[in-house]
Protein chains: 2
Amino acid sequence: MGENDRLAGEMNAAFDAHGIFVVNVLGAPGAGKTTSIIHIIQNLKSGNAAVIEGDIESDIDAQKLEKLGIPTQQINTQGACHLDAPVIAQASYGLSLKDGSLLFIENVGNLVCPAEFYIGEHVKMLVLTVTEGSDKPYKYPLAFEKADVFLLNKCDLLPYVDFDEAYFMKGVRALNKAAPLFKVSGRNGQGFGEVAKWIEQRRSPK
Amino acid sequence: MGENDRLAGEMNAAFDAHGIFVVNVLGAPGAGKTTSIIHIIQNLKSGNAAVIEGDIESDIDAQKLEKLGIPTQQINTQGACHLDAPVIAQASYGLSLKDGSLLFIENVGNLVCPAEFYIGEHVKMLVLTVTEGSDKPYKYPLAFEKADVFLLNKCDLLPYVDFDEAYFMKGVRALNKAAPLFKVSGRNGQGFGEVAKWIEQRRSPK
């Protein structure tokens, strides 16, 4: 873990030297991480976004992104439940990132292990959904503590599920007072303009 | 891992000696594992069901079960992403299981790590949802390969999501030809009678 953090720190410095801003995207399987990344990129004012796709197996998400002309590097972890700094170092070379890029790293779908690993990112984005239920902060606290921004996805399904928003937000704020939360819908695109604005602001604060 | 499997094998033999049938319940965070366990228990013809609840933190699910009069032992893994044989051995003592019990072990919400660990169970039940998307078999193959039975939960939301059932089933059957799949809804209870019947049949085949 010490070795991972040392390498991640070096990568963060290298990203900074090239003006590359890195977002580590975390969430449970099926939370809508890829769809969220696509919507955010389509809402950005600046260009040059790229994605590293982390999956146990398959290149389904990378194919989706490449069809949209978004430069993508697939990582298959072959069973590993998270990404770590060495695999990101290697994948970053593979992407030949342009200076000034915005790099999204989609982590393995998992609310536990990825939260423990720093991979050189500037912000951790945690994607949650109203279909997962409102008790997630209480059960998976580390991911909530470490997040810099929350997306609450699938809000188009709110009328059809029993999501207790007050209970959810109480749990979120007990763990994390500062990170903003954006309500979004990957299905209809609602809310991602605000997320893109937040990233651009965080990247280049006035 | 060898030590884990040895202990799990011993526990399986001890469960058999006491006529205890054990179901290891796997699924992503928010898949509806606890709700499924409750519905199944309420549909069983035989009594004496008990539950071991595995969570990183919190006892929210154990409280739900105890309110319904279901004997429950909570395990908090304090960060660990799965249950293993030693913690189940300990929790089983805590429950003082009656001979002939049906024991559900709800694993940590995670589609990756829990699939790798045998914990003395007779069957692995994998809970999936239509809201997670239809690509899960392709991305998390090990859990699908190892499952003895699949629940496809949240089917009440099918009209509101883009779930490609044919693509999903193609992925499931490429990995696992034999395990039955039951469509269920934790929200309205639909389908759990069939699941309870399957468990009772699997437990005492004619």
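No value in this document is a laboratory result; all are computed from the given coordinates. Predicted model, so just to flag it, every value in this text is computed and none were measured. Cβ atoms come from the backbone with ideal geometry, glycine included; neighbour counts cover every protein chain shown.
Less than 5 angstrom separates the built amide H of residue A:105 from those of A:23, A:24, A:25, A:52, all sequence-distant by 5 or more or on a different chain. With N counted as the residues of the range B:62-158, its alpha-carbon radius of gyration over 2.2 N^0.38 Å works out to 1.19.
With q set to 0.07, 0.13, 0.14 Å⁻¹, the log10 of I(q)/I(0) for the protein assembly as shown, from the Debye formula over equal scatterers at the Cα positions, is -0.33, -1.09, -1.25. When the pairs A:33/A:136; A:183/B:64; A:136/A:177; A:139/A:170; A:154/A:177; B:67/B:124 are compared against a 19 Å limit on Cα-Cα distance, A:183/B:64; A:154/A:177; B:67/B:124 fall above it. Placing a label point 7 Å from the Cα of residue A:188 along the Cα-to-Cβ line, the residues of the range A:138-164 whose backbone N sits under 14 Å from it are A:154-160. Shown is the FRET efficiency for residue B:204 and residue B:166, computed with R0 = 35 Å from the Cβ-Cβ distance and rounded to the nearest 0.05: 0.50. Over all projection directions, the Cα-based convex hull of chain A averages an area of 11.1 nm².
Here the Karplus curve 6.51 cos²θ - 1.76 cosθ + 1.60, taken at θ = phi - 60°, turns the phi angles of the range A:51-62 into couplings of 9, 9, 9, x, 9, 4, 9, 6, 10, 4, 6, 4 Hz, with x standing for Gly and Pro.
Taking the longest Cα principal axis of chain A as reference, the axis of helix A:33-43 is set at about 80 degrees. Overall, the range B:98-206 carries a charge dipole of about 320 debye about its Cα centre when +1 sits on the Cβ of Lys and Arg and -1 on the Cβ of Asp and Glu, all other atoms neutral. Ellipticity at 222 nm from helices only: DSSP H runs of n ≥ 4 in chain B, each -39500 (n - 2.57), divided by the residue count, give -11000 deg cm²/dmol. Give the distance, in whole Å, between the Cα centre of the range A:106-171 and the Cα centre of the range B:189-206. Here the answer is 34 Å between Cα centres. Here the Karplus curve 6.51 cos²θ - 1.76 cosθ + 1.60, taken at θ = phi - 60°, turns the phi angles of the range B:149-163 into couplings of 7, 10, 10, 9, 8, 6, 5, 5, 8, 3, x, 10, 10, 9, 9 Hz, with x standing for Gly and Pro.
An oblate overall shape is assigned to the range B:105-206, the ratio a/c of its alpha-carbon gyration tensor axes (a ≥ b ≥ c) being 1.5 or greater and a/b not exceeding b/c. Proximity of backbone amide H atoms, modeled 1.01 Å from N, is registered between residue B:129 and B:153 at under 5 Å, excluding neighbours fewer than 5 places apart on the same chain.
Taking every C-alpha pair closer than 8 Å and separated by at least 6 residues, the mean separation divided by the residue count of the range B:79-206 gives a relative contact order of 21 percent. Amide H contacts of residue B:20: B:100, each under 5 Å away and 5 or more positions distant or on a separate chain (H built 1.01 Å from N in the peptide plane; Pro and chain starts excluded). With θ taken as phi - 60° and the Karplus curve 6.51 cos²θ - 1.76 cosθ + 1.60 applied, the whole-hertz 3J(HN,Hα) list for the range A:92-108 is 5, 4, x, 7, 6, 5, 6, 4, x, 5, 10, 10, 9, 10, 7, 6, 4 Hz, x standing for glycine and proline. Peptide B:55-63 has a mean of 4 when you count, residue by residue, the C-beta atoms of other protein chains within 10 Å of its C-beta.
Relative to the longest principal axis of the Cα atoms of chain B, the long axis of helix B:192-203 makes an angle of roughly 50 degrees. Rounded to the nearest 10 degrees, the angle from helix B:165-175 to the longest Cα principal axis of chain B is 50 degrees.
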